[in-house]
Amino acid sequence: MSFLVFVFGLFLVLGAYLLATLGTDEKRTRLRSRLSEALLHSAHSEDIEIVLARNELMSEIPWINRSLVRLQAALHLKLMLDQADLHVTPSRLVMFSGMAGLLAALAVSVISVSILLTLGAGLVAATLPFAHVWWKRKKRFEAFLENLPDALDLMSRSLSAGHGFSEALHMVSSEMPEPIAGEFRKAYEEQNLGLSLKLAMENLTQRIPLLDLRMCVTAVMIQRETGGNLAEILEKVAHTIRERFRIMGDLKTLTTSSRMSAWLLCGLPIFVTIVITIMNPDYMAILWKDQRGHYLIAAAMFLQVTGMLIVRKILNIKI
């Protein structure tokens, strides 16, 4: 009964939090509109950009927002959420993580008296929201990189046809799929609002910290200072990126058998443990019920995860 009461209390607090933050989307829209107008009429675009970064919404509750904007960790978490294109504030993500950890720990404590198992379940559940953000961010970067050569070719053709660089950015934002269209649209709008091209491109590489994109931006910035045929430069950069993709595909094909063998070895101990537990529960009972068995399980899990990370590091060949 106490467990149900506690869960009810948690959801009651969550409901009160959500009710307290109703209507903030409209306020956020008005705030962004006013900041955009200030940026448009300001001669100090770089200073306004700093103000924009500081006014990023960290929480719908004002006093929590004022506290979080001073923390570097909160700013980094906000950047990761933006890179994953998730419209969630850092405070909500942390709250979801804490609730997931508490609920998982309480659920395990009902069926087991092991403190180690309870803490382990809570930690695993608490990391799931952050793992989801990391996965969405990774998939979005992969989609961006996949369309980058085509976007550069489109910009090269636009420049060859006599259009300016800003118009080439706009063409990518209107004709390419997401997420590359949205990111180039932001760079185009920032430049229209008064930011210098250099700062708009730096913001783009901050939102999408990929080596290939930094290479493109560096080539554009050097061309702006030294001159040259920008259309030809972008075409060569696109060709270089495609060659990297081809080499990476060849390496992935050549290392497929090694990857399968490595993951088979990593998963074999877990599979054997589950099979023995199902076939002969009494034989494995001491491992699950005795306190020393819990320590052995924790040590085995630590060594297993460490081995998987080492194998992943060995097989992750960077070009």
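The values are calculated or read from the model by the stated rules, or taken from the named source; none is laboratory data. Just so it is clear, the model here is predicted, and its values are computed rather than measured. Please note: Cβ atoms are built from the backbone with ideal geometry, for glycine as well, and neighbour counts cover all protein chains shown.
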Take the conditions assigned to a helix (DSSP H, G or I), of a type in the set (A, V, I, L, M, F, W, C) and not assigned by TED's automatic domain parsing to the domain that holds GLY162 and apply them to LEU296. Does it pass?
yes
Tell me which residues, restricted to region 279-289, are surrounded by 12 or more Cβ atoms within 10 Å (Cβ to Cβ) and among the charged types (D, E, K, R).
LYS289
Confirm whether PHE271 is more than 19 Å from SER166 (Cα to Cα), under 24 Å from the mean Cα position of the chain (by Cα), modelled with pLDDT of 85 or more and not assigned by TED's automatic domain parsing to the domain that holds ASP150.
no
Anything in region 115-132 that is in contact (Cβ under 8 Å) with a residue 12 or more places away in the chain and either surrounded by fewer than 18 Cβ atoms within 10 Å (Cβ to Cβ) or in contact with a Ser or Thr (Cβ under 6 Å, 6 or more places away or on another chain) (or both)? List them, or say none.
LEU116, THR118, LEU119, LEU123, VAL124, ALA126, THR127, LEU128, PRO129, PHE130
Could you identify the single residue in LEU199, LEU195 that is outside the structural domain of MET301 (by TED's automatic domain parsing), buried (at least 18 other Cβ atoms within 10 Å of the Cβ) and farther than 24 Å from PRO149 by Cβ?
LEU195
Counted residues in region 245-299 being touching a helix residue (DSSP H, G or I) at 6+ places or on another chain (Cβ under 8 Å), aliphatic (A, V, I, L, M) and over 24 Å from LEU309 (Cα atoms) come to 4
